[in-house]
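Contents: one structure, followed by commentary.
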Amino acid sequence: MTDRQKRDHVRENPLSNPPTPSILVVEDERHIARFLEFVLHKEGYTVESAFDGDEAVQRLQSHTYSAVLLDLGLPGRSGLEVLRYLRSSEERDKTVVIVLTAKFSGDVLHEVLAAGANAHCPKPVAPSTLLRKLKELGVANGYCAATGGTNPTILEECRL
């Protein structure tokens, strides 16, 4: 069954509809956040955005997300602090986290890995790359491994 056939099947069979994966985009550059929202909405995801680390933590306290796309260079709490907050709770620990950043050195990669990120995508990220990475990590429209109780803990770099 193709992805389109699966989406059509889910629409036609409401009782078989699994919950739509929800994604929190944490990005201080609003034009990037809006672009990611557009791409993800188009693919059927439920998407919210936070524009600084403090707002991200507030949203994470009140809602459970399937995935978080997390910029590291944020005003307020840094992306790394937000990641550590996510991993500090068993409930939020299942959330898939993909770190998006333009500045990524070996030291930062090690720190992000140690803090519990699932993947890293350098900015700018191609929409096809991001969507592929979400699917690989179990966050696909119609299915979400993170909320289903499994959580891949692989840190990979997305390649264009």
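The values are calculated or read from the model by the stated rules, or taken from the named source; none is laboratory data. If you're wondering where the values come from, they're calculated on a predicted model, not measured in any experiment. Please note: Cβ atoms are built from the backbone with ideal geometry, for glycine as well, and neighbour counts cover all protein chains shown.
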Worksheet item: Does the range 83-97 hold any residues that are under 23 Å from A33 (Cβ atoms) and in contact with a Lys or Arg (Cβ under 6 Å, 6 or more places away or on another chain), and which are they?
Response: L86
Worksheet, complete the sentence: Picked from the range 100-134 (must be touching a Cys at 6+ places or on another chain (Cβ under 6 Å) and not in a helix (DSSP H, G or I)), the residue farthest from R87 (Cα to Cα) is C121
Worksheet item: When you look at V57, is it surrounded by fewer than 23 Cβ atoms within 10 Å (Cβ to Cβ), of a type in the set (A, V, I, L, M) and either out of contact with any His (no Cβ under 9 Å at 6 or more places or on another chain) or over 24 Å from T46 (Cβ atoms) (or both), yes or no?
Response: yes
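Among the candidates A140, A67, single out the residue that is of a type in the set (G, A, S), at pLDDT 85 or above, touching a Pro at 6+ places or on another chain (Cβ under 8 Å) and closer than 19 Å to G44 by Cβ.
Details: A140 fails: at pLDDT 85 or above.
None of the others qualify; the one that does is A67.
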Discussion item. So for the range 97-109 (the condition being surrounded by fewer than 20 Cβ atoms within 10 Å (Cβ to Cβ) and touching a helix residue (DSSP H, G or I) at 6+ places or on another chain (Cβ under 7 Å)), does at least one residue qualify?
Written reply: no
Worksheet item: What is the number of the single condition among (1) over 19 Å from S66 (Cα atoms); (2) surrounded by 14 or more Cβ atoms within 10 Å (Cβ to Cβ); (3) modelled with pLDDT under 50 that L155 does not meet?
Response: (1)
Worksheet item: Which one of these does S88 not meet: (1) out of contact with any strand residue (DSSP E or B) (no Cβ under 8 Å at 6 or more places or on another chain); (2) surrounded by 20 or more Cβ atoms within 10 Å (Cβ to Cβ)?
Response: (2)
Item to complete: Output the residues belonging to the range 110-139 that are small (G, A, S) and either over 17 Å from V25 (Cβ atoms) or without any contact (Cβ under 8 Å) to a residue 12 or more places away in the chain (or both).
Response: A114, A115, G116, S128, G138
Worksheet entry | Top-ranked residue in the range 50-86 [being assigned to a helix (DSSP H, G or I) and among the basic types (K, R); ranked as farthest from K123 (Cα to Cα)] | R59
Discussion item. Among the residues that make up the range 30-40, is at least one of them surrounded by 20 or more Cβ atoms within 10 Å (Cβ to Cβ), in a helix (DSSP H, G or I) and not hydrophobic (A, V, I, L, M, F, W, C)?
Written reply: no
Worksheet item: Can you pull out the residues in the range 88-117 that are over 19 Å from G73 (Cβ atoms) and modelled with pLDDT of 90 or more?
Response: S88, T95, V96
